[in-house]
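No value in this document is a laboratory result; all are computed from the given coordinates. As the structure is a computational prediction, the values presented were derived from the model and not from experiment. Virtual Cβ from ideal backbone geometry, glycine too; neighbours counted across all protein chains shown.
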């Protein structure tokens, strides 16, 4: 056993590579299964293309299954990494989530318990990371806001399962969750605070204008797609969502250009997960997203033998100084 | 493993991705869902009393309600302004019969469509025709995944008895279908049943099923409508869900407000929630009826394979930190 622990402690994962492939699978599923096949039903005469439609649906479902495998592989890699680095709060949180999420398809545990653990882990993991000094305050703000949005949106579902007779102001809570999620999106700018980068700005403006324009032109369809995929009901003005999308795009593009793809991956995981309780895979994606945003090195490439681990503040410092 | 680690990192990664894809296809072929839904649950409790079709049965007063949020259907014309915000759903099963009671606030009963400008109140439940790992499009299903719809209409229940005072109906002495061509042709608008059993696979495909077996009745009170729908557990035909204790099926709801001129697609709709057919009375603590369901060996086998593949993926993407190879990837 000692030899096994020693061997495990000496292991290192290219979790950035796993995360990148997982994001590709998640976004493929999001685009094919949750966007294209569900909006294609509006195409007149779709029956003519039924074979193509079925094929596309199958590809989306296979991408979904692949995303599940890769997301859980990434969670296990992160758990082993937390063990190696002796990040005990993170280790406990990840183990807790893995146990309930993997057991969920079997129906061995009450759903209210699975949901409660999911919410607690998603809220506690970034909070404990900040409190234990593993993450900086600046990094923790977006994660904590995203986590709070998730918890507020998820609460009516879990209360409905645990206490069916309890009534909550569901609509108001969903609006609050939406406001928190938008605030979280705005706060992402903290990751790349500094001199603006022209190319990233151009990308951000395009994304923002397209998002606001689509919401203004086709509010009904886009709002329903947002609700399905992100858990956002479109309560606020299209301009607000346009700015939020622009900030996300700017931060993702800038972080990639600065050699910090983990921030972009974190944003992608959060978007693929969406706020509120939908499924264990979406919750897992959201959890990975907030953890990646909160902890600077929760996913990373294998360290070179001579390299020194970066501290969170050092990484932020690099980001600010670039 | 030695042979594997001796290959290039690119080859190893391609092998890992190939394994993941093969496993994903395996899950699909065997229709095993490696993830679990976490959306809201509506429980159908076991009842020792037959609630019947009376919407005001005492059984419903004692059954916990689930408030299902509704939003305006505004994906396709005619779009709704979303008059009804929520429907309270209660469900029990008795003697292998599923009963669902739906209550929503609507102070103005609309029970007639006798004139051009009047529209009736109605409510509907929508099930995926075939249980699958992902639900079909909420808007009437999709080409490869149909939905089974149970729709109760106030005007159908009331018939012509609530014709407006100035309405006039000619005496029509014929009663057989020969003189009612729409009824004979199966036109759903000519049905005299309060509840219709329908199927749809996308917009414009709504069709009555041959098996018109859904029973139902509605009643309007001071607070609004209370409607009960019921159907035996056994599927009456193809593309209709069967129910059993321990089952979990997806279901969505829609409500029409005649005062708001709701009709057709102009309605308030919910997202899919899950209906759990519980094996116990709500007074008893909820338990998983493990004895009623066979152990999911196929799921266990595939998850075991998945764990093995995950281990292989981690082995491929991981290495001892003191590994002195020449394929060290670039630092991030």
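For peptide B:62-72, what's the mean number of Cβ atoms from other chains within 10 Å of each residue's Cβ?
3
Could you give the length gained by full extension between residue B:115 and residue B:177, i.e. 0.36 nm per residue of separation minus their alpha carbon distance, to one decimal place?
Between residue B:115 and residue B:177, full extension yields an extra 19.9 nm.
Using the alpha-carbon centroid of each, what span in Å lies between the stretch B:248-275 and the stretch A:196-214?
Distance between centres, Cα-based: 37 Å.
Determine the shielding of peptide A:144-154 by partner chains: average, over its residues, the number of Cβ atoms on other chains within 10 angstrom of each Cβ.
On the way: counts 0, 0, 0, 0, 0, 0, 0, 0, 0, 0, 1.
Mean shielding count: 0.
Return the percentage of antiparallel bridges among DSSP beta bridges fully within the stretch B:41-290, rounded to the nearest 5 %. Before the final figure, lay out each step's value.
Numbers: 56 of 63 bridges.
Expressed as a percentage, antiparallel bridges in the stretch B:41-290 total about 90.
What whole number of Å gives the distance from the Cα centroid of the stretch B:108-147 to the Cα centroid of the stretch A:60-97?
First find each Cα centre; the distance between them is then 40 Å.
If we count other beta carbons within 10 Å of each Cβ, what is the order of A:52, A:58, fewest first? Walk me through the numbers on the way to the answer.
Numbers: A:52 11, A:58 15.
Ascending Cβ contact count within 10 Å gives the list A:52, A:58.
How do B:106-119, A:194-207, B:208-221 rank on mean C-beta neighbours within 10 Å, highest first?
Order by mean packing, descending: B:208-221, B:106-119, A:194-207.
Other chains' Cβ within 10 Å of B:270-278 residues: what's the mean?
Mean partner-chain Cβ count within 10 Å for B:270-278: 1.
What FRET efficiency comes out for the pair residue B:85/residue B:193, r = Cβ-Cβ distance, R0 = 30 Å, nearest 0.05? It would help to have the intermediate numbers written out before the result.
Working: r = 29 Å, r/R0 = 0.95.
It comes to 0.55.
So what's the gap between the Cα centers of the stretch B:13-55 and the stretch A:261-289, to the nearest angstrom?
If you average the Cα positions of each part, the centres end up 20 Å apart.
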